[in-house]
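Q: Could you have a look at this structure, given as structure tokens, before my questions?
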Amino acid sequence: MNAEHSRISSQTHQKRNQRTLFLSEMPKLVIKSGSRPPWVGLAAAVWLEISAGNGSNFPLYSNALKSVLGYNQRQLTLLGVANDVGESVGLLPGYACNKFPPWKVLLVGACACFLGYGVIWLTVTEIVRGLPFWLLWIVLIIATNSNAWFGTAVLVTNMKNFPLSRGTVAGILKGYAGIAAAVYTVIYDVLLNKSPPKLLLFLALGIPVICFAMMYFIRPCTPASGEDSSEHVHFVFAQAMSILVAVLVLAITLLGNFISLSGTVLYTLVAIMVVLLASPLAIPIKMTLLRKKPKRVNPPPPADPSKDSCQAEEDDTEQTYPLLKPSSSSASFLGTFIEMDDTSDVETLLAEGEGAVEEKRRPRRGEDFKLGEAFVKADFWLLWFLYFLGVGPGVTVLNNLAQIGIALGVDDTTILLCLFSFFNFAGRLGSGAISEHFVRSRAMPRTVWMTVAQIAMVIAFLLYAVSLTGSLYPATALLGTCYGFQYSLMVPTASELFGLKHFGLIYNFVLLGNPIGAFLFSSLLAGHLYDAEASRQGNSTCYGPECFRVTFLMLAGVSAMGAMLGVILTVRIRPVYRSLYASGSFRLP
């Protein structure tokens with residue numbers, strides 16, 4: 001009896017330690033309760049994801065940098081690499097998300113945005129002259145690194161606030177980040193009169209103001225349980241509003257280039273765009289006006305009057321917030337040992353106590369991994385290279401889209417940028433909805449769709465290599481869609497395989513595939529071949545299909561390699577998804 005009593009006491013003590021550990025890992029965080037706060041945070045996250053897309057503006061002011069500072073194409077491409085490095089290197093924000101509340105992470109991003117774009121504005125307006133290339137390269141990294149701080153804070157917080165709908169949430173948030181380029185293009189064309197200095201000033205001042213206005217609403221909340229039948233309707237509404245925003249900004253850009261619209265009409269359309277961006281706030285407003293008591297499958301135990309509200313809320317989240325803890329938690333003493341493979345080890349560890357079992361047992365796929373623990377997993381590196389071989393070629397085209405259009409005789413390259421942005425958005429939003437449907441209905445790994453996107457990218461690059469004006473636009477649309485698939489699907493896949501507890505670090509490490517791919521494929525490959533062809537023509541600007549043809553053919557081969565890795569990874573993780581989604585909804589293995 002004494003041994004049994006000791007065992008039960010050990011279980012209770014360990015549960016209490018786990019709650020204390022969670023609170024200590026995110027100090028001074030007030031967990032908001034109720035069903036509305038997560039939706040308020042999601043609505044605010046829309047504006048911050050648009051802000052986090054400021055790195056997509058590089059093509060809008062790159063020619064101004066090139067003409068004012070006298071750079072060649074390779075130097076400009078290196079600045080594009082700096083743009084991608086700053087945008088994608090988020091290990092520090094990922095670490096900060098586990099240590100500080102979201103508003104502090106967002107504050108760092110706002111300061112980086114102000115400092116970085118402010119210096120670039122001073123350079124383009126020639127208020128500051130003679131800035132060395134290496135210093136401008138660093139400044140551009142600081143400016144676009146604000147994206148990593150913005151994106152990591154809102155993504156990690158909202159993924160934890162909606163743990164049972166992570167694919168849908170990732171698709172919505174990354175979808176808005178994808179349409180950000182088109183939103184900025186509309187602002188650039190309509191409100192800023194296509195002035196690069198005005199755009200840079202807007203980035204330096206306007207984005208920090210948006211951040212300060214929204215940071216209060218980005219906070220940890222009691223996670224949505226998934227039991228509310230209206231939750232699906234809310235997500236559909238958010239997706240529909242994002243589609244309307246995307247269609248509107250595409251229409252404004254195209255109409256502005258083909259039809260002469262009056263200033264009143266353009267300003268009215270921009271006002272409608274702003275209203276649509278604010279439309280997700282209608283969800284918590286509706287929940288406030290039409291209050292509805294949430295249904296609970298297992299009612300919580302009576303609150304202990306000796307505990308404060310925050311501690312009571314934390315006890316309640318043990319059932320509805322399981323993704324913050326590994327599935328091997330000491331909720332069941334017997335369950336801990338059943339999962340052990342070696343019976344002799346069980347006997348040894350039983351003598352040492354449950355704490356030793358918890359300490360020595362390595363997590364399995366679907367549980368919470370630390371970054372170091374994920375490093376030793378083959379699936380982690382397969383996912384990393386699959387993402388790297390997908391986004392690297394895509395960002396190469398994005399960074400050189402203006403030059404690709406000029407080489408093929410396109411007068412207004414902003415149409416190409418807007419087209420890429422729209423279909424990038426469509427890929428991000430669509431991949432989240434499609435993969436969420438099939439993962440719930442058939443337990444199909446999301447990497448299936450990443451593999452399909454890799455195959456479609458091969459077709460897109462072959463269309464580019466044909467170098468016909470008629471094939472340029474469909475190739476850009478197809479590549480934008482595939483790029484969006486890769487970017488959005490990596491997010492929930494990483495969280496499902498390696499957990500949410502250290503998701504910020506793991507997600508941002510995988511995200512390093514973006515700048516590494518930009519450096520290898522954009523700078524060393526595309527930039528070098530472009531400058532070589534331009535020198536052969538005797539100009540600083542290259543004209544003709546030969547400027548990028550070899551680059552496109554090589555990128556098609558890279559995408560084919562990515563498709564093969566996608567098949568291997570899908571076969572390996574299919575049993576994991578069958579375990580995670582056997583009941584039709586995410587559950588711990």
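The values are calculated or read from the model by the stated rules, or taken from the named source; none is laboratory data. The structure displayed is predicted, hence computed values, not measured ones. Ideal geometry is used to build each Cβ from the backbone, glycine not excepted, and the neighbour counts take in all protein chains shown. With ligands, DNA and RNA removed, areas are computed over all heavy atoms of the protein, side chains included. Shrake-Rupley method; radii C 1.70, N 1.55, O 1.52, S 1.80 Å.
Q: As an exercise: evaluate Leu511 against (1) surrounded by 24 or more Cβ atoms within 10 Å (Cβ to Cβ); (2) farther than 25 Å from Ala96 by Cβ and give the number of the one condition it does not meet.
A: For Leu511, the exception is condition (2).
Q: Which residue pairs have Cβ atoms under 6 Å apart, sit 6 or more places apart or on different chains, and have a first residue in the range 261-277 that is over 16 Å from Asp189 (Cβ atoms) and in contact (Cβ under 8 Å) with a residue 12 or more places away in the chain and a second that is open to solvent by 60 Å² or more (accessible area, probe 1.4 Å) and part of a helix (DSSP H, G or I)?
A: Leu276/Leu244
Q: What about Trp149, is it modelled with pLDDT of 90 or more, assigned to a helix (DSSP H, G or I), under 19 Å from Pro220 (Cα atoms) and of a type in the set (Phe, Trp, Tyr)?
A: yes
Q: With the structure loaded, tell me whether Val391 is crowded, with 24+ Cβ neighbours inside 10 Å, under 19 Å from the mean Cα position of the chain (by Cα) and under 30 Å from Ile252 (Cβ atoms) or whether it fails that test. Can you show your working first?
A: Details: crowded, with 24+ Cβ neighbours inside 10 Å: yes; under 19 Å from the mean Cα position of the chain (by Cα): yes; under 30 Å from Ile252 (Cβ atoms): yes.
Considered against the rule, which asks whether it is crowded, with 24+ Cβ neighbours inside 10 Å, under 19 Å from the mean Cα position of the chain (by Cα) and under 30 Å from Ile252 (Cβ atoms), Val391 comes out as yes.
Q: Report yes if Leu281 is open to solvent by 50 Å² or more (accessible area, probe 1.4 Å) and in contact (Cβ under 8 Å) with a residue 24 or more places away in the chain, otherwise no. Break it down stepwise before answering.
A: Numbers: open to solvent by 50 Å² or more (accessible area, probe 1.4 Å): yes; in contact (Cβ under 8 Å) with a residue 24 or more places away in the chain: yes.
Yes.
Q: Related question: Of (1) open to solvent by less than 40 Å² (accessible area, probe 1.4 Å); (2) under 28 Å from Gly566 (Cα atoms); (3) at pLDDT below 80, Leu398 satisfies all except one. Which?
A: (3)
Q: Can you tell me which of Ser88, Ser35 is small (Gly, Ala, Ser), surrounded by fewer than 23 Cβ atoms within 10 Å (Cβ to Cβ), closer than 30 Å to Leu244 by Cα and at pLDDT below 85? It would help to see each step written out before you state the result.
A: Values: Ser88 fails: surrounded by fewer than 23 Cβ atoms within 10 Å (Cβ to Cβ).
Just one listed residue meets the conditions, Ser35.
Q: So which residues in the range 106-122 are buried (at least 22 other Cβ atoms within 10 Å of the Cβ), more than 13 Å from Phe212 (Cβ to Cβ) and not hydrophobic (A, V, I, L, M, F, W, C), if there are any at all?
A: Once the filter is applied, which keeps residues that are buried (at least 22 other Cβ atoms within 10 Å of the Cβ), more than 13 Å from Phe212 (Cβ to Cβ) and not hydrophobic (A, V, I, L, M, F, W, C), the range 106-122 yields Gly116, Tyr117.
Q: Answer yes or no as to whether Leu569 is part of a helix (DSSP H, G or I), in contact with a helix residue (DSSP H, G or I) (Cβ under 6 Å, 6 or more places away or on another chain), touching a residue at least 12 places away in the same chain (Cβ under 8 Å) and open to solvent by less than 10 Å² (accessible area, probe 1.4 Å).
A: Values: part of a helix (DSSP H, G or I): yes; in contact with a helix residue (DSSP H, G or I) (Cβ under 6 Å, 6 or more places away or on another chain): yes; touching a residue at least 12 places away in the same chain (Cβ under 8 Å): yes; open to solvent by less than 10 Å² (accessible area, probe 1.4 Å): yes.
Answer is yes for this residue.
Q: Working carefully through the options Val274, Val249, find the one that is surrounded by fewer than 17 Cβ atoms within 10 Å (Cβ to Cβ), outside any loop (DSSP other than H, G, I, E, B) and not charged (D, E, K, R).
A: Details: Val249 fails: surrounded by fewer than 17 Cβ atoms within 10 Å (Cβ to Cβ).
Answer to the selection: Val274.
Q: Among the residues of the range 369-381, is there at least one that is part of a helix (DSSP H, G or I), open to solvent by less than 10 Å² (accessible area, probe 1.4 Å) and under 30 Å from Asn63 (Cβ atoms)? Before the answer, list the steps.
A: Our first condition is that a residue be part of a helix (DSSP H, G or I); within the range 369-381, this holds for 371-375, 378-381.
Now narrow it down to the ones that are open to solvent by less than 10 Å² (accessible area, probe 1.4 Å): 374, 379-380.
Now restrict to residues that are under 30 Å from Asn63 (Cβ atoms): none.
No, the range 369-381 contains no residue that is part of a helix (DSSP H, G or I), open to solvent by less than 10 Å² (accessible area, probe 1.4 Å) and under 30 Å from Asn63 (Cβ atoms).
Q: Looking at (1) more than 24 Å from Cys97 (Cβ to Cβ); (2) at pLDDT 85 or above; (3) assigned to a helix (DSSP H, G or I), can you tell me which one Phe519 breaks?
A: Result: Phe519 fails condition (2) only.
Q: Exactly one of (1) under 29 Å from Ala177 (Cβ atoms); (2) at pLDDT below 75; (3) among the aliphatic types (A, V, I, L, M); (4) open to solvent by 40 Å² or more (accessible area, probe 1.4 Å) is unmet by Val297. Its number?
A: (1)
Q: Same structure again: Within the range 485-496, can one find any residue that is open to solvent by 10 Å² or more (accessible area, probe 1.4 Å), in a helix (DSSP H, G or I) and among the hydrophobic types (A, V, I, L, M, F, W, C)?
A: So in the range 485-496, the residues open to solvent by 10 Å² or more (accessible area, probe 1.4 Å) come out as 485, 487.
Next cut, in a helix (DSSP H, G or I) only: 485, 487.
So of that shortlist, the ones also among the hydrophobic types (A, V, I, L, M, F, W, C) come out as 485.
The answer is yes; a qualifying residue exists.
Q: Within the range 436-458, can you find the residues that are farther than 17 Å from Val391 by Cβ and touching a helix residue (DSSP H, G or I) at 6+ places or on another chain (Cβ under 7 Å)? Please lay out each step first, then the result.
A: Residues of the range 436-458 that are farther than 17 Å from Val391 by Cβ, as a first pass: 436-445, 448.
Within the range 436-458, Glu436, Val439, Ala443, Met444, Pro445, Val448 qualify.
Q: Would you tally the residues in the range 397-427 being within 16 Å of Tyr188 (Cβ to Cβ) and in a helix (DSSP H, G or I)? Talk me through it step by step, then tell me what you get.
A: First, the residues of the range 397-427 that are within 16 Å of Tyr188 (Cβ to Cβ): 401-402, 412-422.
Pick out the ones that are also in a helix (DSSP H, G or I) and you get 401-402, 414-422.
Result for the range 397-427: 11.
Okay, residues lined up against (1) touching a residue at least 12 places away in the same chain (Cβ under 8 Å); (2) assigned to a helix (DSSP H, G or I); (3) over 19 Å from the mean Cα position of the chain (by Cα):
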{"site": "Leu106", "(1), (2), (3)": "yes, yes, no"}
{"site": "Gly109", "(1), (2), (3)": "yes, yes, no"}
{"site": "Cys113", "(1), (2), (3)": "yes, yes, no"}
{"site": "Gly118", "(1), (2), (3)": "yes, yes, yes"}
{"site": "Thr123", "(1), (2), (3)": "yes, yes, yes"}
{"site": "Arg129", "(1), (2), (3)": "no, no, yes"}
{"site": "Trp134", "(1), (2), (3)": "no, yes, yes"}
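Q: All but one of (1) open to solvent by 50 Å² or more (accessible area, probe 1.4 Å); (2) outside any helix (DSSP H, G or I) hold for Ile243; which doesn't?
A: (2)
Q: Kindly establish whether Ala526 is closer than 26 Å to Val458 by Cα, open to solvent by less than 40 Å² (accessible area, probe 1.4 Å) and at pLDDT below 90.
A: Details: closer than 26 Å to Val458 by Cα: yes; open to solvent by less than 40 Å² (accessible area, probe 1.4 Å): yes; at pLDDT below 90: yes.
Against the criterion (closer than 26 Å to Val458 by Cα, open to solvent by less than 40 Å² (accessible area, probe 1.4 Å) and at pLDDT below 90), Ala526 qualifies.
Q: Could you figure out which of (1) open to solvent by 10 Å² or more (accessible area, probe 1.4 Å); (2) within 19 Å of Ala494 (Cβ to Cβ) isn't true of Val169?
A: (1)
Q: Looking for whichever is part of a helix (DSSP H, G or I), touching a Lys or Arg at 6+ places or on another chain (Cβ under 8 Å), surrounded by 15 or more Cβ atoms within 10 Å (Cβ to Cβ) and not charged (D, E, K, R) here; the options are Tyr188, Tyr184, Tyr176. Which one fits?
A: After ruling out the rest, the residue left standing is Tyr188.
Q: Might you check whether a residue that is modelled with pLDDT of 90 or more and open to solvent by less than 30 Å² (accessible area, probe 1.4 Å) occurs anywhere in the range 531-543?
A: Step one: list which residues in the range 531-543 are modelled with pLDDT of 90 or more, which gives none.
No, that holds for no residue.
Q: Here are Leu463, Leu382, Leu386: which of them is at pLDDT 85 or above and more than 20 Å from the chain's Cα centre (by Cα)? Spell out the reasoning first.
A: Details: Leu382 fails: more than 20 Å from the chain's Cα centre (by Cα); Leu386 fails: more than 20 Å from the chain's Cα centre (by Cα).
Going through Leu463, Leu382, Leu386 in turn, just one is at pLDDT 85 or above and more than 20 Å from the chain's Cα centre (by Cα): Leu463.
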